[in-house]
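Trainee: First the structure, which I've put down as structure tokens, then a few questions once you've had a look.
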Amino acid sequence: MFIEKIEKIKEQISQDILKIKDNQALFELEKKYLGRKSEFVGFLKNLKNLAPEERKQIGELANKTKLEILNIINGKKADLSKTGSDMEKERIDVTIPGKKRSVGHLNPISIVRRDIEDIFTGMGFEIVDGPEIETEFYNFDALNMPADHPAREMQDTFWLKDKKGEENLAMRSQTSAVQAKYMEKHKPPLRIIVPGKCFRREATDTTHDHTFYQFEALVAGENINVGHLKQVAQDFFSQFFQKEIKVRLRPSYFPFTEPSFEFDITCTVCGGVGCRACKYNKWLELGGAGMVNQSVFEAVGYKRNQYTGFAWGFGLERLAMMKYKIDDVRLFHSGDLRFIRQF
Ligand code: FA5
């Protein structure tokens, strides 16, 4: 009799639930089946009057049924909470274009640096790295620039104390600092480029910043001459700019090269007419260059006059300025998003 009753309740709720259209009706239904005064709860209360064996069997069935009733009610609750407008909100229009995710991109300095590295590895050069904090020895002394040398003044930099508290570590002022370090460990023939960050205590202007990049080239071997220097540079520029670029070597002085040159290319921002980027000079100085001074070779342990070589140190920003027609070097490190997002 009890079992039949339970079955009947189950059947009844399965039918009743179909008629429920709103939360109020569902509330009434829940009350009807599971409320304190409901037939089912009254029935559960009466179980205690059954014989133990029967109580166990029917009790289990009753509890299972109670769970089933709860499931039916909760299922309906979930259905009702998804009203017509909720469904509308959840509707997905797969034809709407997706949201564009903004992915980062390379800084123009990195783009140019990679371009340079590609071109020079294509010419058989090795890419060498060096520390940005350098000893006074490698940044200056090994390059024939002892402490009292006037050329040091043009590369005033920021000094740091070493572990002993002596101020003889420099934020390197030139990538030439890597020259002696590399040659101490390698013998010619050698061909390297060293792209990297340099620092100087500068009064900044459109072509000078306190932090900038250079890329050094160093070639050493037998019978290397100025013609090689000019040709390699010329090949590089025509590949880099994808067009013929005029170069100009002006006599100059660096303690570590002999003879020395200033290396200019025609300003590609104004096409050689004169603009802010070239300070109305029509030419833009890219860097210094020259034939490696035999004293530098000697300082790293090579025999004097056994090898010859050339080196240069070009400003990487200046190349980027030419390539992208940027008229102020300070923009690169300004952190100005309006600038950076243009690349
Ligand atoms: C040198 O630094 C030498 N080490 C170059 C060199 C290497 C000569 C090997 C001979 C052999 P200079 O001080 O002229 O030279 O700097 C070279 C280039 O670095 C400059 O022409 C310029 O393009 C870039 N540069 C120098 N100072 C700055 C600066 N403050 N801001 C931006 N670019 C700079």
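Trainee: Just how much of residue 31 is accessible, in Å², when a 1.4 Å probe is used and the result is rounded to the nearest 10?
Mentor: Estimated to the nearest 10 Å², residue 31 gives 110 Å².
Trainee: Check which residues have an amide H placed less than 5 Å from residue 252's amide H, if you skip close sequence neighbours.
Mentor: Amide H neighbours of residue 252: 260, 261, 262.
Trainee: Which whole-number percent gives the relative contact order of segment 67-182, counting Cα pairs below 8 Å spaced six or more residues apart? Numbers along the way, then the final one.
Mentor: Values: 68 pairs, mean separation 24.5, N = 116.
Reported relative contact order: 21 percent.
Trainee: Going by amide H atoms built from the backbone, whose H comes under 5 Å of the H on residue 293, apart from near neighbours?
Mentor: 257, 258
Trainee: Which whole-number percent gives the relative contact order of segment 9-76, counting Cα pairs below 8 Å spaced six or more residues apart?
Mentor: On the way: 33 pairs, mean separation 24.3, N = 68.
Worked out over segment 9-76, it gives 36 percent.
Trainee: Let me ask another. Looking at the chain, I'd like the Rg to Rh ratio, where Rg is from alpha-carbon atoms and Rh is Kirkwood's inverse mean 1/r. Please report the intermediate quantities before stating the final value.
Mentor: On the way: Rg = 40.7 Å, Rh = 26.6 Å.
Reported Rg/Rh, Kirkwood definition of Rh: 1.53.
Trainee: In deg cm²/dmol and to the nearest 500, what is the mean residue ellipticity at 222 nm of the chain if only DSSP H runs of at least 4 residues count, each as -39500 (n - 2.57), divided by the residue total? Please report the intermediate quantities before stating the final value.
Mentor: Numbers: 12 runs with 137 residues, N = 343.
Rounded to the nearest 500, it is -12000 deg cm²/dmol.
Trainee: Between residue 56 and residue 81, what is the spin-label point distance in nm, taking each point 7 Å from the Cα along the Cα→C-beta axis?
Mentor: It works out to 4.0 nm between the two label points.
Trainee: At a threshold of 8 angstrom on Cα-Cα distance, excluding pairs fewer than six apart, so keeping six or more, what relative contact order does segment 108-340 reach in percent?
Mentor: Numbers: 468 pairs, mean separation 48.6, N = 233.
Reported relative contact order: 21 percent.
Trainee: Right, next: Which Rg and Dmax, in Å, describe the Cα atoms of segment 48-137?
Mentor: 36.4, 102
Trainee: With a 1.4 Å probe and every protein chain kept in, tell me what percent of the accessible surface of the chain is carbon plus sulfur.
Mentor: Reported share for carbon and sulfur atoms: 51 percent.
Trainee: May I ask for the distance between the Cα centers of segment 1-78 and segment 91-119, given as a whole number of Å?
Mentor: Each part reduced to its Cα centre gives a spacing of 61 Å.
Trainee: Here is a follow-up. Quick one: order 282, 100, 164 from most to least accessible surface, probe 1.4 Å. Mind dumping the intermediate values first?
Mentor: On the way: 282 100, 100 195, 164 170 Å².
Of 282, 100, 164, the descending order of accessible area is 100, 164, 282.
Trainee: I'd like to check one number: the per residue accessible area of segment 2-90, probe 1.4 Å, reported in Å² as a whole number.
Mentor: On the way: 6380 Å² over 89 residues.
Accessible area per residue: 72 Å².
Trainee: Shifting gears a bit: Keeping all protein chains in place and using 1.4 angstrom, which order do 204, 157 fall into by accessible surface area, from largest down?
Mentor: On the way: 204 60, 157 5 Å².
Result, largest first: 204, 157.
Trainee: Please report the accessible area of residue 213 (heavy atoms, 1.4 Å probe, ligands and nucleic acids excluded) in Å², nearest 10.
Mentor: Its accessible surface works out to 40 Å², give or take rounding.
Trainee: How large are Rg and Dmax for segment 2-90 when calculated on the C-alpha trace, in angstrom?
Mentor: Cα radius of gyration and Dmax of segment 2-90 are 15.7, 56 Å respectively.
Trainee: What size of dipole, in debye to the nearest 20, comes out for the chain about its Cα centre when the only charges are +1 on Lys and Arg C-beta atoms and -1 on Asp and Glu C-beta atoms? If you can, show how the numbers build up before the last one.
Mentor: Numbers: 53 positive and 49 negative charges, 361 e Å.
Around 1740 debye, computed over the chain.
Trainee: If ligands, DNA and RNA are left out, what is the accessible area of residue 215 with a 1.4 Å probe, given in Å² to the nearest 10?
Mentor: 0 Å²
Trainee: Let me ask another. How do 340, 192 stack up against each other in accessible area, from largest to smallest, with a 1.4 angstrom probe? Before the final figure, lay out each step's value.
Mentor: Details: 340 35, 192 0 Å².
I get 340, 192, largest accessible area first.
Trainee: Assuming a ≥ b ≥ c are the square roots of the Cα gyration tensor eigenvalues, decide whether segment 26-177 counts as rounded (a/c under 1.5), prolate (otherwise, with a/b larger than b/c) or oblate. Don't jump to the answer; show the numbers that get you there.
Mentor: Numbers: a/c = 5.48, a/b = 3.29, b/c = 1.67.
Verdict is prolate for segment 26-177.
Trainee: Also, quick follow-up: Please compute the length gained on full extension between residue 39 and residue 5, using 0.36 nm multiplied by the number of residues separating them and subtracting their Cα-Cα distance. It would help to have the intermediate numbers written out before the result.
Mentor: Values: separation 34, 0.36 × 34 = 12.24 nm, distance 1.00 nm.
Answer, rounded to one decimal: 11.2 nm.
Trainee: Lys/Arg Cβ at +1, Asp/Glu Cβ at -1, dipole of segment 177-243 taken about the Cα centre: which of 211, 233, 189 is farthest positive-ward?
Mentor: Looking along the dipole axis, the top candidate is 189.
The values are calculated or read from the model by the stated rules, or taken from the named source; none is laboratory data. Here the structure is a predicted model, which is why all the values come from computation and not from measurement. Note that we place each Cβ from the backbone using ideal geometry, even for glycine, and neighbour counts take in every protein chain shown. Only protein heavy atoms, including side chains, enter the accessible area calculation; ligands, DNA and RNA are left aside. Shrake-Rupley method; radii C 1.70, N 1.55, O 1.52, S 1.80 Å.
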